[in-house]
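Visitor: For reference, the structure I am asking about is given below.
The values are calculated or read from the model by the stated rules, or taken from the named source; none is laboratory data. This structure is a prediction, so every number in the text was calculated from the model and none was measured. As a convention, Cβ positions derive from the backbone with ideal geometry for all residues, glycine included, and neighbour counts pool all protein chains shown.
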């Protein structure tokens, strides 16, 4: 459990806990491994607990009756997801899928609630995480309501590059993934990307974005 303990110290939920409290958390986490594209859980299925990303990335998304996807969150190293049903007792509000080979730590619902009740520092951390996720969802609603598709796509590409430069190296998102983040159809994103390419804002090879020009993309936001 030593590896889990060192990892847990960097997770916002547990950052303010002492060594003994961290050890208590570590004894309760369960390691789960997922291959690329594998479903972690489905929307409206029972909640088993809080998930922490030890490696890889997970996308949390909803699907409309017509089959269109809307990504709510892409969780990376050290981030958590599925907090809401842990505390409200409901079903999973969305579907989660591994974007690549991923290792998750699952902390059962009952343990999360007991820890939050026993350690005020964790209770405050829970509120901070909830506030951060609420802010993220508020900005998502703002983007979907007030920005056109070109602006949304440009923002997604800029954020993707920032994450790669910081701590999530890897290829740029596919056009299908961008469409799910932007709340639109794959064909619409294709037209937007083509337009951005003509303006010199992105470079495309074999149908995939390989380079972006930050300045020109900023003009499209």
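Visitor: Please list, ordered by first then second residue, the pairs with beta carbon atoms under 6 Å, 6 or more apart or interchain, first in region 42-62 and over 23 Å from residue 77 (Cβ atoms), second modelled with pLDDT under 95 and assigned to a strand (DSSP E or B).
Guide: 62/70
Visitor: For region 66-160, which helices (runs of 4 or more DSSP H) that fit wholly inside it have 3 or more residues that are out of contact with any helix residue (DSSP H, G or I) (no Cβ under 9 Å at 6 or more places or on another chain), modelled with pLDDT under 90 and not assigned by TED's automatic domain parsing to the domain that holds residue 176?
Guide: Counting at least 3 such residues, we get 120-146.
Visitor: Now a separate question. Taking the criterion of being closer than 30 Å to residue 153 by Cα and not in a strand (DSSP E or B), would at least one residue in region 26-34 satisfy it?
Guide: No, every residue in region 26-34 fails to be closer than 30 Å to residue 153 by Cα and not in a strand (DSSP E or B).
Per-residue answers, yes or no, for (1) within 26 Å of residue 60 (Cα to Cα); (2) within 25 Å of the chain's Cα centre (by Cα); (3) in a strand (DSSP E or B); (4) not assigned by TED's automatic domain parsing to the domain that holds residue 163:
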residue	(1), (2), (3), (4)
184	yes, yes, no, no
189	yes, yes, no, no
192	yes, yes, no, no
197	no, no, no, no
200	no, no, no, no
209	yes, yes, yes, no
216	no, no, no, no
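Visitor: Looking only at residues in region 19-39 that are without any contact (Cβ under 8 Å) to a residue 24 or more places away in the chain and surrounded by 11 or more Cβ atoms within 10 Å (Cβ to Cβ), which one is farthest from residue 118 (Cα to Cα)?
Guide: By that ranking, first place goes to 23.
Visitor: State whether the residues of region 100-118 include one that is over 18 Å from residue 49 (Cβ atoms) and either under 18 Å from the mean Cα position of the chain (by Cα) or buried (at least 18 other Cβ atoms within 10 Å of the Cβ) (or both).
Guide: Yes, because at least one residue in region 100-118 is over 18 Å from residue 49 (Cβ atoms) and either under 18 Å from the mean Cα position of the chain (by Cα) or buried (at least 18 other Cβ atoms within 10 Å of the Cβ) (or both).
Visitor: Given the conditions (1) in contact with a strand residue (DSSP E or B) (Cβ under 7 Å, 6 or more places away or on another chain); (2) touching a residue at least 12 places away in the same chain (Cβ under 8 Å), and given that residue 113 satisfies all but one, which numbered condition is not satisfied?
Guide: If we test residue 113 against (1) in contact with a strand residue (DSSP E or B) (Cβ under 7 Å, 6 or more places away or on another chain); (2) touching a residue at least 12 places away in the same chain (Cβ under 8 Å), just (1) comes out false.
Visitor: Restricting to region 1-30, what's the tally of residues that are closer than 17 Å to residue 80 by Cβ and in contact with a helix residue (DSSP H, G or I) (Cβ under 7 Å, 6 or more places away or on another chain)?
Guide: Result for region 1-30: 15.
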